[in-house]
Amino acid sequence: MKKQHLFLILLGIVCFIIVDEHIASTFDISGIINRLLVSDPWIQEQRRRRQQVDNVCKLHSSKLFAQNMSLTHLSFIPQYNLLYCRIQKSGTTNWIEGTFERLAPKLGLKEYSSQSRAKKLAYFEVENMEKWNQIVEGDPVSFVNVRHPFERLVSGYLDKAPGGEYGGWKDKTFPQFVNIVLKQAKRKQDMKYTGIDVHWRPYNAHCFFCNVKYTVISKMETYEEDKSRFMEMVGLEE
């Protein structure tokens, strides 16, 4: 069902009930609204994704739940109660150089566009666990975007090796690159996986899915709609 149609139906129900007090006292409006929302394919898909994450977390909580989670990849905008977790090679540039930059004037960040990436991220960082606990208590609207692991790995290779960002890797073939990644992965390390390059580090080392219940779990295949719906939730236009 298109969002416009859903809105018109909900508006019609509310107006009808307001006019008739008897109906208002007996009508289960919340139940009807819930049923209409459930019929939205996007909402159904988001519930399926969250349930899949919950199922994995229940099965492997000892391995995936972090007692001391890292806050490095979290960005929070208090004015919109917006929480975003950044996964390298999964659309972070679109947020930092796009969404955040467009929001910067509204947030009073006049020099944002001319600053380094690190300084841009510093505006939205979650400084410590005390701050994190305050954010969680405020029930933020949260977003994370994932990508097929193989696609992400190829993107990392093209960026860092032939792309020249890692100078010493320019002549490395993809098989050589994969061997480097495998060697990094075999190092003994904790759940933060700091021994693995951040651009192909496991998703859970960025966003700790068993610690954080994300409102929207996006995929690259559905990124445009996922992000658009999320922005509507926080009262913003993309």
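Points to keep in mind about this one:
- Taking a ≥ b ≥ c as the square roots of the Cα gyration tensor eigenvalues, the range 169-238 comes out oblate, since a/c reaches at least 1.5 and a/b does not exceed b/c.
- Residue separation of residue 55 and residue 67 scaled by 0.36 nm, minus their Cα-Cα distance, works out to 2.4 nm of gained length.
- Protein-only accessible surface order, largest first, of 62, 116, 75 at 1.4 Å: 62, 116, 75
- The range 72-77 - phi-based ³J(HN,Hα) in whole Hz, Karplus 6.51/-1.76/1.60, Gly and Pro as x: 4, 9, 9, 10, 10, 10
- Based on C-alpha pairs under 8 angstrom that are at least 6 apart in sequence, the range 57-120 has a relative contact order of 17 percent.
- Projected label distance in nm at residue 101 and residue 119, using a 7 Å step from Cα toward the beta-carbon: 1.5
- Under 5 Å between amide hydrogens, built in the peptide plane, is the criterion, and for residue 218 it picks out 144, 145, 146 among residues at least 5 positions away or on other chains.
- Projecting label points 7 angstrom from Cα along Cα→Cβ for residue 179 and residue 43 puts them 5.3 nm apart.
- The range 92-238 - charge dipole about Cα centre, Lys and Arg +1 at Cβ, Asp and Glu -1, debye rounded to 20: 740
- Residues in the range 101-106 carry Karplus couplings, in order, of 5, 5, 7, 3, x, 5 Hz; the curve used is 6.51 cos²θ - 1.76 cosθ + 1.60 with θ = phi - 60°, and Gly or Pro positions show x.
- With both labels modelled 7 Å from their Cα along Cα-to-Cβ, the residue 94 to residue 213 distance reads 2.6 nm.
- Ranked by how many other beta carbons lie within 10 Å on average, peptides 80-88, 164-172, 94-102 from highest: 80-88, 94-102, 164-172
- Partners for residue 219 among lysines (Cα-Cα distance below 20 Å; same-chain residues under 8 apart left out): 89, 227
The values are calculated or read from the model by the stated rules, or taken from the named source; none is laboratory data. Please read all numbers here as calculations on a predicted model, not as lab measurements. Positions of Cβ are generated from backbone atoms using ideal geometry, with glycine treated the same way; all protein chains shown enter the neighbour counts. Remember, those area values only see protein heavy atoms, side chains included, never the ligands or the DNA or RNA. Shrake-Rupley method; radii C 1.70, N 1.55, O 1.52, S 1.80 Å.
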